[in-house]
Amino acid sequence: MKGNSNKTNGYRVALFAVLCLFGLSLLAQSGRRGKSSKARHRARTERKQDAKRVYLVHADVLHYDQMKMPDAQILNGKVHFTHNGARLYCDSAHFFEASNSFEAFGHVKMYQGDTLSLFSDYAYYDGNDEMAIARYNVVLKHRKSTLYTDSLNYDRMYNVGYFFEGGKLVDNTSTLTSDWGEYHTDTHQALFNYDVRLKNKKFFLMSDTLYYNTDNHMAHVVGPSNITSKTSKIYTEDGYYNTQTEKSELFGRSVMKDEGKTMVGDSVFYDSKTGVSEAFNNVVYTDSLNKNMFTGDYCYYDDEKGYAMATKKAVAIDYSQKDTLFMHADTFKIFTFNINTDSVYRKIHAYNKVRAYRVDVQAVCDSLVYNSLDSCMSMYKDPIVWNQNQQLLGEVINVYMKDSTINRAHVIGQCLSVQQLSDSIHFNQCSSKEMFAYFENGEIRQSRAKDNVLIVYYPIDDKDSTLIGLNYTETSDMRMFMENQKMKRIWMPKAEGVLYPMTQVPPDKYFLPTYAWFDYVRPLNKQDIFNWRGKKEGTELKEEKKREAPKRKLKD
């Protein structure tokens, strides 16, 4: 029995040992699995930290100073760091490994890829925020653009550098300076504020706020800004200027000036290379040298060719005289000949539905041409001119100016001159094939009618200003001399005429066959020039067929 008992106890001990070994094995396996999971987590964390960790690649000398800088590694000689794709070099550095940052001294250089480099005398770099703070003789180069400043913060996380103590950006041939600014290396967009100046060989820009894209070379000014190019000057508070193409897009009532000429519009487009400018909406073009201006909703001007056009409610205004002349037409065009020479002259074309108003003279026609070579203004297609109580019309009316005042007038074809008397029902009339009028100081002094002259004239009694009668005359030529707007004397060769007493005037003698009084067409004021009123149907001038000499026939 005792032997069996010992055997049983031996089995129990062996079984217990096996179970203990098996349990230890399970615990060991469990411990290995737990250790492996924790290691993987730790590795992942370390890899993430490694991605943000600043690495010291090289330094000639590394030492510590526990008294002065216990947290820093003091590095000297060809110091080289790397961080997240950037390479950083300097002469010496203080490396704070615990805070993942360092201070760099002397010939500091940072390279990011092949397109961006940053140089300075001093820099502080924070690897956690990816922020580089560069000071003293800072140079940031990105592709073909270079930024110079003394204080620059460059945020690698958002690809933006900003300065706040003055900076200069050089882009190709353009140089941009300001007190404060920022530059985005990913979008190539720069923002400059306070005393902004953009300059190259062809223009100079001054502004308070400027956005500039180094990729497309487009500058956007906001706030009061001035642009000078050659002889032209531009003022705008909202404008775009391309430094490469030299094209401007200006908004908000921008002003363009060039040698006495000024253009203002809601939007203005200008190409300084070609000298072409366009303006839209509420446009005002002023020539202060010649004292005239154009207004309209569209203006075009070519400085190289001296060509200008205005349309859409276009108005030409001449303020060279005491009274200002206002003229409206569908379109105005200016052509310059022999430009940039001593024999330069211009032609102004106005068409269609021309209406003009000045206090002392008004006019209506379908088209008009003014030639500065002979200072002649020619009116075509049913032209009519009014001066006080007088009306003049014909097929063509030529008005010649001298020193910006009317000197003489020449009416050609189907000429008719009508003067309304003070009683408003009687009219002095004269018709002929050709008429002339001569002026002094803006007042008519002499007039002449030639060929097929017909006259209806009412002599007036000087004592009581009553009408003496009606004088009907036919002649080949008539000259009238005026003084103080009254007839002083009259001359004519052989003439046939009859003086009818007022009580014996035949009904068919009151008016000449071509008589017409177009008071309903006449412009009443400067606003009325926009209201076109044509002649009533049937009262237009009929084209007269010119008689031609018979053609000579050859014999068979």
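Numbers below:
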quantity: Global form of the stretch 201-276, assessed from the alpha-carbon gyration tensor, a/c cut-off 1.5; calculated: oblate
quantity: Check: the stretch 266-326 dipole with +1 on Lys, Arg Cβ and -1 on Asp, Glu Cβ, in debye; calculated: 160
quantity: Calculated P(r) tail over 21 Å for the stretch 124-279, as whole % of Cα pairs; calculated: 45
quantity: Neighbour net charge for Trp386 - beta-carbon separation under 12 angstrom, K R +1, D E -1; calculated: +1
quantity: Convex hull volume per residue for the stretch 415-489, taking Cα atoms only, in Å³; calculated: 95
quantity: Nearest 10 degrees, 0 to 90: helix 2-52 Cα axis against the chain principal axis; calculated: 30
quantity: Rounded, prolate or oblate (a/c below 1.5 giving rounded, otherwise prolate when a/b exceeds b/c) for the stretch 139-178 by Cα gyration tensor; calculated: oblate
quantity: Rg to Rh, two decimals, where the chain supplies the alpha carbon set and Rh follows Kirkwood; calculated: 1.44
quantity: Out-of-range pairs (alpha-carbon distance over 26 Å; input Lys322/Lys347; Lys78/Lys144; Lys233/Lys402); calculated: Lys78/Lys144; Lys233/Lys402
quantity: For the stretch 162-177 and the stretch 230-303, distance of Cα centres in Å; calculated: 28
quantity: Whole-number percent relative contact order across the stretch 127-215, with pairs defined as alpha carbons under 8 Å at least 6 apart; calculated: 19
quantity: Rounded accessible area of Leu524 (nearest 10 Å², 1.4 Å probe); calculated: 120
quantity: For the chain, size of Cβ-based charge dipole, Lys and Arg +1, Asp and Glu -1, in debye; calculated: 2660
quantity: Relative contact order [Cα under 8 Å, 6+ residues apart], the chain, whole percent; calculated: 4
quantity: Dipole moment magnitude, nearest 20 debye, the stretch 156-240 about Cα centre, only Lys, Arg, Asp, Glu C-beta charged; calculated: 500
quantity: The stretch 320-468, relative contact order in percent, only Cα pairs under 8 angstrom and at least six apart counted; calculated: 13
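The values are calculated or read from the model by the stated rules, or taken from the named source; none is laboratory data. Remember, predicted model here, so these are calculated numbers, not experimental data. All Cβ positions, even for glycine, are placed from backbone atoms using ideal geometry, and neighbour counts span all protein chains on display. Calculation scope for accessible area: heavy atoms of the full protein, side chains included, ligands and nucleic acids excluded. Shrake-Rupley method; radii C 1.70, N 1.55, O 1.52, S 1.80 Å.
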